[in-house]
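In what follows, a structure is listed as structure tokens, so that the remarks can point back to it.
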Amino acid sequence: MKSILIVEDNAGVRDLVREYLTEHGYHVRVASDGHEGLLDARHHRPDLVLLDVMMPGMDGLEFLRRFRAAEQVPVIFLTARDAELDKVLGLELGADDYVTKPFSMAELLARVRAHLRRGTEKPQGGVIRAGALTVDVAARTFHVGEQRVDLTRSEFELMTALVRAPGRVFTRSELLEQLQEDHLGSERTIDVHVRNLRAKVEQEPGKPRLIETVFGVGYRLNAAAP
């Protein structure tokens, strides 16, 4: 049984989501703020986190900063409808996805299933290389030269797709499909994940040479770049 941690200060939302996910076969734990959530996550190691942004004490952004220092399991942000900045900051800090309040329970369940399914599918392929980049699909590790680079699950899926087909131009929609089979989410998500990847793999993230932007289309990997 997969374990889900809900970090949400609104008791009504928290209890509704817990009841719904429990009915669909998940083991659900809850926390009312970031401090409580971190303690629970360290002791019980959830398979996925549903994380509210605006909370008293430690908010969702600070929780994510600390959580990502040790864990790479999927995190789905729960954000207000007009909180575009929160969505972007969350993705930049390593969130895998977000849903906007008020959300439908069916949509939330679909996103949860999609992210958990990605973690249980049998990896296809072994070690893939393109230039100085190496992806070990089975071990889920990524190296630039001899240097291992830690990636979130979403970043790893995107980088694997790019390394498999260097030189190919991927549209944002195609890359989004690499993240979720259900095709949920926003193409803006891809832009933020690519920016995060560039910060980790480019010598000059502000002047990217490995992950190139093809304006009006999407992105491609230039494996020949130093």
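Based on DSSP, what percent of beta bridges with both residues in the chain are antiparallel, to the nearest 5?
The antiparallel fraction comes to roughly 45 percent.
Which whole-number value in Å³ per residue fits the convex hull of the alpha carbons of segment 1-84?
90 Å³
Quick check: the angle from helix 105-120's long axis to the longest principal axis of the chain, C-alpha only, nearest 10 degrees?
So the helix axis and the longest Cα principal axis differ by about 50 degrees.
What is the set of long-range amide H partners of residue 141 at a cut-off below 5 Å, with H atoms built 1.01 Å from backbone N?
Result for residue 141 returns 136.
Could you provide, to the nearest whole Å², the per residue accessible area of segment 26-158 with probe 1.4 Å?
For segment 26-158, the solvent-accessible area averages 46 Å² per residue.
Under 16 Å between alpha carbons, and skipping anything fewer than 8 positions from residue 200 in its own chain: which aspartates and glutamates qualify?
Output for residue 200: 92, 146, 150, 155, 157, 191, 212.
Based on DSSP H runs of at least 4 residues, each adding -39500 (n - 2.57), what is the mean residue ellipticity at 222 nm of the chain after dividing by all its residues, to the nearest 500 deg cm²/dmol?
One gets -12500 deg cm²/dmol as the mean residue ellipticity at 222 nm.
Two-decimal Rg/Rh of segment 125-226 from alpha-carbon positions, Kirkwood Rh?
0.93
Any number yet on Rg/Rh for segment 1-157, C-alpha, Kirkwood?
Computed over Cα atoms, the ratio is 0.99.
The values are calculated or read from the model by the stated rules, or taken from the named source; none is laboratory data. Only a predicted model underlies this, so the values are computations on that prediction, with no experimental measurement involved. Ligands, DNA and RNA are excluded from the accessible area calculation, which covers all protein heavy atoms including side chains. Shrake-Rupley method; radii C 1.70, N 1.55, O 1.52, S 1.80 Å.
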